[in-house]
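S.K.: This is the structure I want to talk about, given as structure tokens.
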Amino acid sequence: MAMASPVEAAPHTLVIGCGALARELLALTADLPGVKVVAVDARLHNRPERIAGAVKRRIARARRDHGDGIRLFVAYADCGTGGALDAMLADEGVERLPGEHCFELYAGAKAYAALQDAELGTFYLTDFLARQFETLVIAGLGLDRHPELLPLYFGNYTRLVYLAQTDDPELTRRAEAAAARLGLRFERIRTGYGELAEPIQALARPA
């Protein structure tokens with residue numbers, strides 16, 4: 001006779017995260033009982049004007065599925081929404097990650113500011129973007145169909161900085177190839193989870 005599988009305990013906290021952070025969010029919450037991660041389409045990385053609406057729909061779904069007692073946390077920075085995400089979250093009473101971009105979270109706010117001050121024309125990759133460079137950057141910007149547009153998009157950039165969450169030679173190779181594809185100088189900085197870890201791991205205790 002087959003044994004019934006155990007019923008999964010209802011989460012006390014739901015993290016609504018950018019799909020570009022999904023691997024890291026799952027790793028950071030793996031040992032946090034009661035904390036569950038759901039991801040929003042990572043392709044919105046290229047359509048920041050749609051992020052607030054997509055997150056709002058996820059919030060509504062979470063409350064419908066889990067009740068108003070569920071604790072919600074949004075694992076996005078502003079991510080180019082120009083304050084639209086913050087305005088929506090203020091109405092919903094939900095907190096988000098600090099900062100303007102995931103690059104700032106991974107590098108750390110002070111280090112990111114120093115990188116920007118040192119060379120404003122910097123294009124950033126993370127582990128996720130190194131994996132998805134062809135899909136999100138090249139195809140996402142239409143450069144696979146119109147390579148002549150590359151100078152229009154990247155003519156003001158001078159370097160590519162790969163903010164590496166892991167020590168993966170294949171991802172480093174991909175990031176170097178991306179820099180060469182864009183005609184940019186390559187740098188790699190090992191950040192790990194950076195400042196993403198603390199606010200996520202703080203969710204271990206119910207509010």
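Here is a yes/no grid of residues against (1) touching a helix residue (DSSP H, G or I) at 6+ places or on another chain (Cβ under 9 Å); (2) in contact (Cβ under 8 Å) with a residue 60 or more places away in the chain; (3) not in a strand (DSSP E or B):
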position: Gly82; (1), (2), (3): yes, no, yes
position: Leu120; (1), (2), (3): no, no, yes
position: Leu136; (1), (2), (3): yes, yes, yes
position: Leu141; (1), (2), (3): yes, yes, yes
position: Ala175; (1), (2), (3): yes, no, yes
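S.K.: Return only the number of the condition from (1) touching a Leu at 6+ places or on another chain (Cβ under 8 Å); (2) closer than 23 Å to Ala204 by Cα; (3) surrounded by fewer than 15 Cβ atoms within 10 Å (Cβ to Cβ) that Tyr76 does not satisfy.
M.R.: In the conditions (1) touching a Leu at 6+ places or on another chain (Cβ under 8 Å); (2) closer than 23 Å to Ala204 by Cα; (3) surrounded by fewer than 15 Cβ atoms within 10 Å (Cβ to Cβ), Tyr76 misses (3) alone.
S.K.: Please go through segment 168-186 and give me each residue that is closer than 13 Å to Thr122 by Cβ and crowded, with 17+ Cβ neighbours inside 10 Å, ordered by number. Steps first, please.
M.R.: Initially, segment 168-186 is screened for residues closer than 13 Å to Thr122 by Cβ, giving 179, 182, 184-186.
Scanning segment 168-186 gives Ala179, Leu182, Leu184, Phe186.
S.K.: Name the residue that is farthest from Ala111 (Cα to Cα), counting only residues in segment 121-145 that are crowded, with 16+ Cβ neighbours inside 10 Å and of a type in the set (Val, Ile, Thr).
M.R.: Here the answer is Ile138.
S.K.: Then there is this: From (1) out of contact with any helix residue (DSSP H, G or I) (no Cβ under 6 Å at 6 or more places or on another chain); (2) without any contact (Cβ under 8 Å) to a residue 12 or more places away in the chain; (3) surrounded by 15 or more Cβ atoms within 10 Å (Cβ to Cβ); (4) not β-branched (Val, Ile, Thr), pick out the condition that doesn't hold for Asp91.
M.R.: (3)
S.K.: Moving on to the next point. If you check Arg159, Arg145, Arg174, Arg131, which single one turns out to be in contact with an Asp or Glu (Cβ under 7 Å, 6 or more places away or on another chain) and either modelled with pLDDT of 95 or more or in the same structural domain as His45 (by TED's automatic domain parsing) (or both)? It would help to see each step written out before you state the result.
M.R.: On the way: Arg145 fails: in contact with an Asp or Glu (Cβ under 7 Å, 6 or more places away or on another chain); Arg174 fails: in contact with an Asp or Glu (Cβ under 7 Å, 6 or more places away or on another chain); Arg131 fails: in contact with an Asp or Glu (Cβ under 7 Å, 6 or more places away or on another chain).
One residue alone meets the criteria, Arg159.
S.K.: A further question on this structure: Would you confirm whether any residue within segment 108-120 is out of contact with any Pro (no Cβ under 9 Å at 6 or more places or on another chain), closer than 17 Å to Gly19 by Cα and buried (at least 17 other Cβ atoms within 10 Å of the Cβ)? Full working, then the answer.
M.R.: Of the residues in segment 108-120, the ones out of contact with any Pro (no Cβ under 9 Å at 6 or more places or on another chain) are 108, 110-120.
Keeping just the survivors that are closer than 17 Å to Gly19 by Cα gives none.
No: segment 108-120 contains no residue that is out of contact with any Pro (no Cβ under 9 Å at 6 or more places or on another chain), closer than 17 Å to Gly19 by Cα and buried (at least 17 other Cβ atoms within 10 Å of the Cβ).
S.K.: When segment 58-80 is examined, which residues are found to be in a helix (DSSP H, G or I), among the basic types (Lys, Arg) and touching a strand residue (DSSP E or B) at 6+ places or on another chain (Cβ under 9 Å)?
M.R.: Within segment 58-80, the first condition is being in a helix (DSSP H, G or I), and the residues that meet it are 58-66.
Right, trim to among the basic types (Lys, Arg) and you get 58, 61, 63-64.
If the condition is that a residue be in a helix (DSSP H, G or I), among the basic types (Lys, Arg) and touching a strand residue (DSSP E or B) at 6+ places or on another chain (Cβ under 9 Å), then Arg58, Arg61, Arg63 are the ones that fit.
The values are calculated or read from the model by the stated rules, or taken from the named source; none is laboratory data. What you see is a predicted model; the values in this text were computed from it and never measured. Positions of Cβ are generated from backbone atoms using ideal geometry, with glycine treated the same way; all protein chains shown enter the neighbour counts.
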